[in-house]
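Asker: The structure is given below, and queries will be raised subsequently.
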Amino acid sequence: MYRMALPDGEAVGTIGWWAPEWQGETGYESGWHILPGFQGRGIAVAAARQIVAITRAAGRYRWLCAFPSVDNPASSAICRRIGFELAGESDFEYPKGHLMRSNVWRLDLRATQGG
Ligand SMILES: CC(C)(COP(=O)(O)OP(=O)(O)OC[C@H]1O[C@@H](n2cnc3c(N)ncnc32)[C@H](O)[C@@H]1OP(=O)(O)O)[C@@H](O)C(=O)NCCC(=O)NCCS
C-alpha cells in the first residue's frame with residue numbers, strides 16, 4: 001500500500017496493489033481511496049497510472065484488475081480513464097461476508113502501452 005501526498009507532503013489518500021487469484025488465474029488487483037476534501041482533482045487517476053507502471057515493471061502477471069461496486073461511478077471512471085477494459089460484472093465478497101455487485105475492469109499489462 002502507498003500513501004498519496006501532495007508535493008508539500010500533505011496526505012490525501014492511499015492506493016495499493018496485491019495479487020489475488022481471480023477465476024483460477026492470479027493477477028494484480030488495485031484499490032484506491034482519496035480523502036473527501038481532495039476528491040475530484042484527478043489525484044486518483046494520476047496515482048492509478050503509477051500503479052500501472054509499477055505492476056507492469058514488476059511483470060509477474062499479465063492482468064491488473066479492479067472491482068469497483070457498480071454503484072461507484074467515480075471508481076469505474078478511473079479505470080476507464082487509464083485504459084482498463086470492462087470485462088463484465090460479478091458478485092464480489094467485500095468486506096468478508098458481504099456480497100456486492102462489482103464491475104470487472106482489467107488492463108493487459110503485456111499489451112502495447114495505451115493505458
Ligand atoms: C473513487 C475515488 C478514489 C475517486 O478519486 P478522485 O481523486 O476524486 O478521482 P479523480 O478526480 O481522479 O476522477 C476520476 C474520474 O472519476 C470521475 N468522478 C469523480 N467523482 C465522480 C462522481 N462522484 N461521480 C461520477 N464520476 C466521478 C471524474 O470525472 C474522473 O473521470 P474522468 O477522468 O473521465 O473525468 C474517490 O472518490 C474515493 O476515494 N471515494 C471513496 C472510496 C472509494 O470509493 N474507493 C474505491 C473503491 S473501489
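Asker: Over the chain, with a single point scatterer placed on each C-alpha, what log10 of the ratio I(q)/I(0) does the Debye formula yield at q = 0.19, 0.20 1/Å?
Answerer: Results for the chain at q = 0.19, 0.20 Å⁻¹ read -1.05, -1.15.
Asker: Carbon and sulfur together cover what percent of the accessible area of the chain at a 1.4 Å probe radius? It would help to have the intermediate numbers written out before the result.
Answerer: Working: 3530 of 6920 Å².
About 51 percent, which is the carbon plus sulfur part of the accessible surface.
Asker: Between residue 35 and residue 50, what is the spin-label point distance in nm, taking each point 7 Å from the Cα along the Cα→C-beta axis?
Answerer: It is 1.6 nm.
Asker: Shifting gears a bit: Please sort by residue number the trypsin sites (Lys or Arg not before Pro) in segment 1-81 whose DSSP state is loop and whose Cβ has at most 15 other Cβ atoms within 10 Å.
Answerer: Working: sites: 3, 41, 49, 56, 60, 62, 80, 81; in loops: 41, 60, 62.
Filter output for segment 1-81: 41, 60, 62.
Asker: Additional query: Given 0.36 nm per residue, what is the gain on full extension from residue 111 to residue 69 after removing their alpha carbon distance, in nm?
Answerer: Net length gain for the segment: 12.5 nm.
The values are calculated or read from the model by the stated rules, or taken from the named source; none is laboratory data. These numbers come from a predicted model, not from an experiment. As a convention, Cβ positions derive from the backbone with ideal geometry for all residues, glycine included, and neighbour counts pool all protein chains shown. Note: accessible area is taken over every heavy atom of the protein model, side chains too, but ligands, DNA and RNA are not part of it. Shrake-Rupley method; radii C 1.70, N 1.55, O 1.52, S 1.80 Å.
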